[in-house]
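Enquirer: Would you mind keeping the following structure in view while I ask a few things?
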Amino acid sequence: MGGRRFIVEADGGSRGNPGPAGYGAVVRDGDTGQIVAEAAEFIGHATNNVAEYKGLIAGLKAARELDPAAAVDVRMDSKLVVEQMSGRWKIKHPDMQPLAAEARTVLPRAQVSYTWIPRERNKDADRLANEAMDAGKAGKQWEPKAPRPAAPVDEPLPAPAAPKAGWAAPADLGTPTTFVLLRHGETPLTPEKRFSGSGGSDPELSEKGRWQAARAAEAFAARGSIQAVVSSPMRRTRQTAEAVAQRLGLDVRTEEGLRELDFGDWEGLTFAEVQDRHPEDLAAWLSSAKAKPTGSTESFTTLTHRVGVARDKLLARYSGKTVLVVSHVSPIKTLVRLALGAPPDSLYRMELSAASICAVQYYADGNASLRLMNDTSHLR
């Protein structure tokens with residue numbers, strides 16, 4: 001696509017529904033999470049839904065002004081707007097139809113995705129909507145205030161109190177959603193450290209990989225905390241997930257966003273072979289999250305967007321539960337990085353062994369906590 005990546009958070013409200021209404025929207029840089037644009041307006045007498053749609057339109061227009069080629073991930077706490085704009089729900093109300101049609105004309109459909117988020121994670125847009133309604137009550141229109149620093153979009157700053165040890169949450173933060181992140185077991189390519197992404201041969205687990213999956217299954221059965229199993233659609237992850245799920249008496253649900261990065265022409269090659277055949281592309285890839293492997297359609301930046309969307313879908317679906325997420329090196333490292341608010345180049349400073357376990361907890365206030373990293377004790 002070639003453009004930047006933005007996250008648009010939008011909201012609208014009506015005091016009376018219908019009643020005095022306003023909207024708010026923020027545009028965040030998709031890599032840093034910093035707010036790069038804000039929009040809000042008092043729109044007079046309207047319903048909540050009308051205000052929400054107008055907030056969406058304003059957010060999309062603000063993103064377009066910054067970069068008309070940008071990939072935009074819209075995040076709203078309005079299930080109605082997200083489902084209608086995603087095409088899963090019909091738009092029957094006559095007031096909504098022209099607003100949805102206008103929203104679709106702002107940017108090409110291929111550039112925009114929609115994700116539902118809890119209201120607690122849409123605080124900035126909600127704040128702006130209320131500021132706009134307050135201004136309208138005073139007979140004025142909203143005016144932007146002095147800019148202030150914003151927390152990273154994927155996970156705000158850590159909670160002041162450190163969570164207790166283990167996978168249980170402090171009571172005052174409520175029950176978290178826990179992702180137990182399991183890397184798949186070994187394949188024939190793993191010991192040779194060959195690039196094995198989503199565009200390669202899709203190898204099966206080796207004999208050792210199947211043993212590792214069985215040991216992981218035993219460990220999770222002993223802990224007894226897993227409530228759902230989700231896997232990348234690739235063969236090695238599904239085989240690992242199925243070994244655990246069968247032991248736990250659970251089904252496996254696949255999530256496309258959890259697949260490994262597409263390594264293009266590097267698939268099946270060792271690092272040394274890539275260095276020999278594609279030295280310039282490799283150097284660029286190691287120095288920039290926006291660079292792509294030779295012949296690939298994906299960079300770490302686009303992977304981050306894909307994994308972030310998958311993460312938010314799972315958080316909405318499994319709120320308050322402990323979920324085993326079986327995936328690959330790059331997606332798991334990305335989830336860890338986002339939880340920590342670490343920069344993209346931190347991906348090169350993490351080690352993830354085959355069949356290793358990480359754990360991240362997500363709280364209702366938007367905070368995240370890394371609880372475990374590269375644990376292989378179940379394999380010893």
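Enquirer: Going by the structure shown, is Ala222 under 20 Å from the mean Cα position of the chain (by Cα) and surrounded by fewer than 22 Cβ atoms within 10 Å (Cβ to Cβ)?
Expert: Working: under 20 Å from the mean Cα position of the chain (by Cα): no; surrounded by fewer than 22 Cβ atoms within 10 Å (Cβ to Cβ): yes.
The answer is no for Ala222.
Enquirer: Further question: Out of all the residues in the range 1-25, which are over 19 Å from Leu99 (Cα atoms) and among the β-branched types (Val, Ile, Thr)? Spell out how you get there, then give the answer.
Expert: Keep residues of the range 1-25 that are over 19 Å from Leu99 (Cα atoms), which gives 1-7, 15-16.
Ile7, the sole residue that qualifies.
Enquirer: Now for a different question. Considering only residues that are closer than 21 Å to Arg4 by Cβ and in contact with an Asp or Glu (Cβ under 7 Å, 6 or more places away or on another chain), which ones fall in the range 248-288? Working first, answer last.
Expert: In the first step, residues of the range 248-288 are kept if they are closer than 21 Å to Arg4 by Cβ; the result is 257, 261-262, 284-285, 287-288.
Of everything in the range 248-288, those that are closer than 21 Å to Arg4 by Cβ and in contact with an Asp or Glu (Cβ under 7 Å, 6 or more places away or on another chain) turn out to be Leu261, Asp262.
Enquirer: Also, I was wondering about something else. Checking Asn48 against (1) at pLDDT below 90; (2) buried (at least 19 other Cβ atoms within 10 Å of the Cβ), which single condition isn't satisfied?
Expert: Among (1) at pLDDT below 90; (2) buried (at least 19 other Cβ atoms within 10 Å of the Cβ), Asn48 violates only (1).
Enquirer: Another question about this same structure. Given the condition at pLDDT below 95, surrounded by 20 or more Cβ atoms within 10 Å (Cβ to Cβ), aromatic (Phe, Trp, Tyr) and over 24 Å from Ala216 (Cα atoms), answer yes or no: does some residue in the range 267-284 qualify?
Expert: no
Enquirer: Does any residue of the range 293-302 turn out to be among the hydrophobic types (A, V, I, L, M, F, W, C) and either under 21 Å from Pro118 (Cα atoms) or buried (at least 22 other Cβ atoms within 10 Å of the Cβ) (or both)?
Expert: Taking the range 293-302 as the starting set, the residues that turn out to be among the hydrophobic types (A, V, I, L, M, F, W, C) are 300.
So of that shortlist, the ones also either under 21 Å from Pro118 (Cα atoms) or buried (at least 22 other Cβ atoms within 10 Å of the Cβ) (or both) come out as 300.
Yes, because at least one residue in the range 293-302 is among the hydrophobic types (A, V, I, L, M, F, W, C) and either under 21 Å from Pro118 (Cα atoms) or buried (at least 22 other Cβ atoms within 10 Å of the Cβ) (or both).
Enquirer: Checking the structure you have, find out if any residue of the range 259-279 is assigned by TED's automatic domain parsing to the domain that holds Glu186, assigned to a helix (DSSP H, G or I), within 23 Å of Glu192 (Cβ to Cβ) and among the aliphatic types (A, V, I, L, M). Before the answer, list the steps.
Expert: Here is the first cut: in the range 259-279, the ones assigned by TED's automatic domain parsing to the domain that holds Glu186 are 259-279.
Pick out the ones that are also assigned to a helix (DSSP H, G or I) and you get 264-266, 271-277, 279.
Right, trim to within 23 Å of Glu192 (Cβ to Cβ) and you get 264-266, 271-277, 279.
Those left that are additionally among the aliphatic types (A, V, I, L, M): 272, 274.
Checked against the condition, which is being assigned by TED's automatic domain parsing to the domain that holds Glu186, assigned to a helix (DSSP H, G or I), within 23 Å of Glu192 (Cβ to Cβ) and among the aliphatic types (A, V, I, L, M), the range 259-279 yields at least one hit.
Enquirer: Which residues, taken from the range 16-32, are surrounded by 20 or more Cβ atoms within 10 Å (Cβ to Cβ), of a type outside the set (Lys, Arg) and in a strand (DSSP E or B)?
Expert: Scanning the range 16-32 gives Ala21, Gly22, Tyr23, Gly24, Ala25, Val26, Val27.
Enquirer: Right, something else. Restricting attention to the range 299-324, report how many residues are among the polar types (S, T, N, Q), under 28 Å from Asp365 (Cβ atoms) and in a helix (DSSP H, G or I). Break it down stepwise before answering.
Expert: So in the range 299-324, the residues among the polar types (S, T, N, Q) come out as 299, 301-302, 304, 319, 322.
Next, from what is left, pick out any that are under 28 Å from Asp365 (Cβ atoms): 301, 304, 319, 322.
Imposing the further condition that a residue be in a helix (DSSP H, G or I) reduces the set to 301, 304.
Of the residues in that region, 2 qualify.
Enquirer: I need the full set of residues from the range 280-298 which are assigned to a loop (DSSP other than H, G, I, E, B), polar (S, T, N, Q) and without any contact (Cβ under 8 Å) to a residue 12 or more places away in the chain, in order please.
Expert: Start the filter on the range 280-298 by keeping residues that are assigned to a loop (DSSP other than H, G, I, E, B), which leaves 288-298.
Filter once more, so that each one left must be polar (S, T, N, Q): 288, 294, 296-297.
Passing the criteria: only Ser288.
Enquirer: Might you let me know whether the range 221-236 holds any residue that is under 26 Å from Gly320 (Cβ atoms), touching a strand residue (DSSP E or B) at 6+ places or on another chain (Cβ under 7 Å) and assigned to a helix (DSSP H, G or I)?
Expert: Step one: of the range 221-236, the residues under 26 Å from Gly320 (Cβ atoms) are 221-233.
In the following step, the residues that additionally are touching a strand residue (DSSP E or B) at 6+ places or on another chain (Cβ under 7 Å) were identified as 225-233.
Of the ones still in play, those that are also assigned to a helix (DSSP H, G or I) are none.
Scanning the range 221-236 turns up no residue that is under 26 Å from Gly320 (Cβ atoms), touching a strand residue (DSSP E or B) at 6+ places or on another chain (Cβ under 7 Å) and assigned to a helix (DSSP H, G or I).
Enquirer: Let me ask another. Take the residues in the range 72-116 that are of a type in the set (Val, Ile, Thr) and within 21 Å of the chain's Cα centre (by Cα), then tell me which one is nearest to Phe6 (Cα to Cα). Steps first, please.
Expert: Residues of the range 72-116 of a type in the set (Val, Ile, Thr): 72, 74, 81-82, 91, 105-106, 112, 115.
Right, trim to within 21 Å of the chain's Cα centre (by Cα) and you get 72, 74, 81-82, 112, 115.
On the way: Val72: 5, Val74: 8, Val81: 19, Val82: 17, Val112: 10, Thr115: 13 Å.
Per the criteria, the residue is Val72.
Enquirer: Sort out which residues of the range 331-353 are buried (at least 22 other Cβ atoms within 10 Å of the Cβ) and either assigned to a loop (DSSP other than H, G, I, E, B) or not hydrophobic (A, V, I, L, M, F, W, C) (or both), and write them in order of number.
Expert: Let us first name the residues in the range 331-353 that are buried (at least 22 other Cβ atoms within 10 Å of the Cβ), namely 331-337, 339.
Within the range 331-353, Pro331, Lys333, Thr334, Arg337 qualify.
Enquirer: Here's another thing I want to ask about it. Please work out if Ala310 is more than 17 Å from Ser198 (Cβ to Cβ) and either outside the structural domain of Pro343 (by TED's automatic domain parsing) or not charged (D, E, K, R) (or both).
Expert: Numbers: more than 17 Å from Ser198 (Cβ to Cβ): no; either outside the structural domain of Pro343 (by TED's automatic domain parsing) or not charged (D, E, K, R) (or both): yes.
It is false that Ala310 is more than 17 Å from Ser198 (Cβ to Cβ) and either outside the structural domain of Pro343 (by TED's automatic domain parsing) or not charged (D, E, K, R) (or both).
Enquirer: Okay, moving on. Is the range 167-184 home to any residue that is at pLDDT 85 or above and among the small types (Gly, Ala, Ser)?
Expert: For the range 167-184, residues at pLDDT 85 or above and among the small types (Gly, Ala, Ser): absent.
Enquirer: Only one residue in Glu298, Glu242, Glu255 is within 18 Å of the chain's Cα centre (by Cα) and either of a type in the set (Lys, Arg) or within 26 Å of Thr376 (Cα to Cα) (or both). Which one?
Expert: Values: Glu298 fails: either of a type in the set (Lys, Arg) or within 26 Å of Thr376 (Cα to Cα) (or both); Glu242 fails: within 18 Å of the chain's Cα centre (by Cα).
The match here is Glu255.
Enquirer: Further question: Just to be sure before I move on: is Glu204 assigned to a helix (DSSP H, G or I) and either at pLDDT 95 or above or out of contact with any Phe, Trp or Tyr (no Cβ under 8 Å at 6 or more places or on another chain) (or both) in the structure I sent? Break it down into steps so the answer makes sense when it comes.
Expert: On the way: assigned to a helix (DSSP H, G or I): no; either at pLDDT 95 or above or out of contact with any Phe, Trp or Tyr (no Cβ under 8 Å at 6 or more places or on another chain) (or both): yes.
Against the criterion (assigned to a helix (DSSP H, G or I) and either at pLDDT 95 or above or out of contact with any Phe, Trp or Tyr (no Cβ under 8 Å at 6 or more places or on another chain) (or both)), Glu204 does not qualify.
The values are calculated or read from the model by the stated rules, or taken from the named source; none is laboratory data. Keep in mind that this is a model prediction, so the values were computed, not measured. Quick reminder, even Gly has a Cβ in these numbers, built from the backbone with ideal geometry, and neighbours come from all protein chains shown.
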